[in-house]
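Derivation of every value follows stated rules applied to the coordinates shown; laboratory data play no part. Treat the numbers as computed from the prediction; the structure is a model and nothing was measured. Positions of Cβ are generated from backbone atoms using ideal geometry, with glycine treated the same way; all protein chains shown enter the neighbour counts.
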Amino acid sequence: MTSAAEDLVGTVTRIGRLPYGLARSEAAAAAVRRAEEPETETVLPYALAGLVDALFWGGEATRALVPFSRLTRLREERPEHFDEVDTSLYFGAFAWMLGGLQDDPTVPAASIENLLTEMEQRYAVAGLSRHAPAYERLRWSVRMERDDADAAYAAWLREPDEPAQACEHCHRTRQGIFLVRGRRYAEAVAVLEAPGLPEEACSTEPADMLSVLALAHLENGDPEAAVRVHRAAVAALARAETDMVGARGRRIALLGRGGETGAALAALVDDQHLLHRAITPFWHLQLLLSVASATGVMRVTEPDRPVRLRDVPATTIAELDTWVRERALALADAFGARAGSPRTRERALAIMDAPAPPPIDLSLSLPRPAAGSGDAAAAPADAVAPTGDDLLARAEREAAAGDDVAAVASYLASSQAARSSGRLLDAGFALAEAARLTDRLGDVEGAHLHYREAVALLTEARTAASDVAPVLVAWAQAATRAGETGELLGAVGEALAVLDVAAHPAAAHLLDARARVLAEIALGDDRPATLARAASDAVAAGEAFAAHGAIDDAGHAFWLAGRLHEEVGESDAAVWGLESAVEAFTLVNAARSRADAAGELVALLRERGQDLQADEVLAALSGRSGRRSGNGR
């Protein structure tokens, strides 16, 4: 291998560590162009596989077909360029691409059938297990709503997976999805909770598996287990690297169908971009069906409850339900047309019209015990009731041990004890801790109320604005998700009025928080003006963070400013914001944030016709140092 080829291997490997998105896809495409040179042609399989991976998992499955076709031809024409790693990547990409084409109803059924046969033949020639081809046969049977799905499922389970490709979490998730599809909820729970699951998992797990398990518990009539697993799923989802469309849809379905309307709407606000587009048309359909299964239940009890979503012509739950159903049925009909059957529409209607399961309860707003009640009342006369400090210490131990539910109860009790003894400062901070954990556990409205009360206590205690600021910043997120931001914005404004931005880093955090709230609530005719206010706050926050040496925070503030300026049509200011963000993330070696911000900057530069500058951003992002041998990739 030439030195140029080794250098390119290192570049492709580094690109593969970037988050999925435009920057990774463009950098991978540039690497393919370099690999087409004679001195680096041995790296072309590796580079093409990297481009297929970047495009497919970056949400551009159809575009990934072109480099995949080139990779297939290259394997036939120059097999000597494929080492063991290249071969493994190729066959993995074959499964992704075939799945992606099945998920697009515009791809003719005959083309899929031919590819399935080709996949089986290629795997057989290579001496590989039939596990992956059998799964694609199962997936195709499901997409086409055929009667042989159960037989295809059994055939797939009989085939052992290749050790290098095996992921036990994914294997169980696929089983769970199939079983839940057939309303075999108890079987799904048994499969997903069976012992022997390894700790290591791929980039989509365990969030995907846990989301399936939580929904299976709910539909199987066990709301307590559904809540327990749901909380674990949400925590895992926060660490996931891809869009996780299926898991996010299941979260909305569980919350809405389980009667937690506020939390369901908050989750929908978080993931509203998926209402318009997902990684493939099939997964877009699944997302819409999940949402419709939730809104169908919610509109029965709260049809007129307001919803705040961008680019959706709906202002109430009832209107949203109608809009989502129409889109879901249109997409279901597209799949049905390819299959030549009404079964996809029939299944969609069954999912959307399914009766509500037993309700869940995410609430952690535990009632405060009256004086002389509870454990203290039952204790012996000479027993000493725990003090606020004792309860606070217990809460901190429980939180450190990961028992957030118990910690919330202890923090609430500690706050009440401190309040009873006139220690308002301690009461406020204990309540803020309870709010933080309540939010993490999914009780959106409870967290908002706790934060609001905590700020009121701290204000009554005449707490310094710089000390109240972290609570306000945390409250901003909860208030936005709860759809109640008026009091929060007022409190933030009052705190900023008494804080010197140059002297107090807390002021920068408040400016940043207010910018993000304004960006989220900007709707309707007032949207441009509100976004302009948000952009101004974001720039001020970024500059303040930078002055105080908080470079990573500055990067995030400038990134927000760049996005907001772009949305209101201020292109020059948008470029400045995004460039500032990339520079800040580079200084602190925040690789993921740097790549995401760089991707947006590249897209904007190309839109402005500044291709040279865009190429320079990509070159800096991928780098060309740190050579690795081809066998080590």
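Can you pull the one-decimal nm distance between simple spin-label points at LEU587 and ASP148, each 7 Å off the Cα toward Cβ?
6.3
Give the long-range amide H neighbours of THR316: residues separated by 5 or more places, or on another chain, with amide H under 5 Å away, using H modelled in the peptide plane at 1.01 Å from N.
VAL307
Placing unit charges on C-beta atoms (Lys and Arg positive, Asp and Glu negative, everything else neutral), compute the dipole magnitude of segment 263-319 about its Cα centre in debye, rounded to 20.
Working: 5 positive and 6 negative charges, 13 e Å.
In total the dipole reaches around 60 debye.
Could you please report the charge total around ALA400, scoring K, R as +1 and D, E as -1 over all other residues with beta-carbon less than 13 angstrom from its beta-carbon?
On the way: positive: ARG394, ARG397; negative: GLU396, GLU398, ASP403, ASP404, GLU433.
Local net charge: -3.
Could you work out the relative contact order of segment 385-496? I mean the mean sequence separation of Cα pairs under 8 Å and 6+ apart, divided by the number of residues, in percent. Present the calculation step by step, with values, prior to reporting the outcome.
Numbers: 143 pairs, mean separation 21.3, N = 112.
Once normalised by length, the contact order is 19 percent.
For segment 179-215, which trypsin sites (Lys or Arg not before Pro) pass both filters: DSSP loop (anything but H, G, I, E, B) and at most 15 other C-beta atoms within 10 Å?
For trypsin sites (Lys or Arg not before Pro) across segment 179-215 that sit outside H, G, I, E and B with at most 15 neighbouring Cβ atoms in 10 Å, the list reads ARG183.
Extending each Cα 7 Å along its Cβ direction at VAL498 and ALA619, get the distance between those two points in nm, one decimal.
In this crude spin-label approximation the distance works out to 5.4 nm.
Can you give the FRET efficiency for GLU487 and ALA337, using 1/(1 + (r/R0)^6), R0 = 56 Å, r = Cβ-Cβ distance, to the nearest 0.05?
E(calc), rounded to 0.05, equals 0.65.
Specify the angular offset, from 0 to 90 degrees and rounded to the nearest 10, of the alpha carbon long axis of helix 527-547 from the longest principal axis of the alpha carbons in the chain.
In the chain, helix 527-547 runs at an angle near 80 degrees to the longest axis.
Using the beta-carbon distance between THR315 and ALA406 and R0 = 60 Å, what value does 1/(1 + (r/R0)^6) give for FRET efficiency, to the nearest 0.05?
Values: r = 40 Å, r/R0 = 0.66.
Plugging the Cβ-Cβ distance into 1/(1 + (r/R0)^6) gives 0.90.
Select one label from [x] 28.5; [y] 37.0; [z] 31.2: the one whose number is mean projected area of the Cα convex hull in nm² as derived from the coordinates shown.
Among [x] 28.5; [y] 37.0; [z] 31.2, the one calculated here is [z].
Report, in debye and to the nearest 20, how large the dipole of the chain comes out about its Cα centre when Lys and Arg carry +1 and Asp and Glu carry -1 on their Cβ.
Roughly 940 debye for the chain.
Quick check on the exposure proxy: order ASP148, ASP53 from fewest to most C-beta atoms within 10 angstrom.
Details: ASP148 12, ASP53 22.
Arranged by neighbour count, lowest to highest, ASP148, ASP53 become ASP148, ASP53.
Taking square-rooted eigenvalues a ≥ b ≥ c of the alpha carbon gyration tensor, is segment 385-496 rounded, prolate or oblate, where a/c under 1.5 means rounded and, failing that, a/b exceeding b/c means prolate?
On the way: a/c = 2.27, a/b = 1.29, b/c = 1.76.
Oblate shape, in that a/c is at least 1.5 and b/c is the bigger or equal ratio.
Counting other beta carbons within 10 Å of each Cβ, put SER622, SER414, SER3 in order, fewest first.
Working: SER622 21, SER414 28, SER3 9.
Ranking SER622, SER414, SER3 by Cβ neighbours within 10 Å, fewest first, gives SER3, SER622, SER414.
Order these by the 10 Å Cβ neighbour count, fewest first: PHE82, PHE429.
On the way: PHE82 20, PHE429 25.
By the 10 Å Cβ count, ascending, the order reads PHE82, PHE429.
Of LEU254, LEU458, ALA595, whose Cα points farthest to the positive end of the dipole of the chain (charges on the beta-carbon: +1 Lys, Arg; -1 Asp, Glu; origin at the Cα centre)?
LEU254
Taking only DSSP H segments of four or more residues, each worth -39500 (n - 2.57), what value at 222 nm results for the chain once the sum is divided by all its residues, to the nearest 500 deg cm²/dmol? Could you put the intermediate results ahead of the total?
Details: 30 runs with 445 residues, N = 633.
Taken over the chain, the calculation gives -23000 deg cm²/dmol.
Pairing the Cα long axis of helix 261-270 with the longest principal axis of the chain, what angle in degrees results, from 0 to 90 and rounded to the nearest 10?
Relative to the chain, helix 261-270 is tipped by roughly 50 degrees.
Please get the size of the charge dipole for segment 224-290, origin at its Cα centre, with Cβ charges of +1 on Lys and Arg and -1 on Asp and Glu, quoted in debye to the nearest 20.
Numbers: 8 positive and 6 negative charges, 24 e Å.
It works out to roughly 120 debye.
Tell me the trypsin sites (Lys or Arg not before Pro) within segment 398-464 that lie in a loop according to DSSP and have at most 12 other beta-carbon atoms within 10 Å.
Numbers: sites: ARG419, ARG423, ARG436, ARG440, ARG452, ARG462; in loops: ARG423, ARG462.
Of the trypsin sites (Lys or Arg not before Pro), the ones in loops of segment 398-464 whose Cβ has at most 12 other Cβ atoms within 10 Å are ARG462.
Among 567-577, 520-530, what's the highest-first ranking by average C-beta atoms within 10 angstrom per residue?
Numbers: 567-577: 17.1, 520-530: 14.1.
Taking the mean over residues of other Cβ atoms within 10 Å, the ranking is 567-577, 520-530.
Please compute the modelled spin-label separation between GLN272 and ALA166, points set 7 Å along Cα→Cβ, answer in nm with one decimal.
It works out to 4.5 nm between the two label points.
According to the square roots a ≥ b ≥ c of the eigenvalues of the Cα gyration tensor, what is the shape class of segment 486-556, taking rounded for a/c under 1.5, prolate for a/b larger than b/c otherwise, and oblate for the remainder? Show your work: numbers first, answer last.
Details: a/c = 2.59, a/b = 1.49, b/c = 1.74.
Since a/c reaches 1.5 but b/c is at least a/b, the shape of segment 486-556 is classed as oblate.
Between ARG181 and THR322, what is 0.36 nm times their sequence separation minus the Cα-Cα distance? Round to one decimal in nm. Display every interim value, and only then the final one.
On the way: separation 141, 0.36 × 141 = 50.76 nm, distance 2.33 nm.
Here the segment from ARG181 to THR322 would lengthen by 48.4 nm.
For segment 112-201, which GluC sites (Glu not before Pro) are both in a DSSP coil and crowded by at most 11 other Cβ atoms within 10 Å? Don't jump to the answer; show the numbers that get you there.
On the way: sites: GLU113, GLU118, GLU120, GLU136, GLU145, GLU168, GLU187, GLU193, GLU199, GLU200; in loops: GLU145, GLU193, GLU199, GLU200.
Here the sparse-neighbourhood loop sites are GLU199, GLU200.
Would you please give the residues with an amide H less than 5 Å from that of THR2, counting only those at least 5 places away or on a separate chain, with H modeled from the backbone geometry?
none
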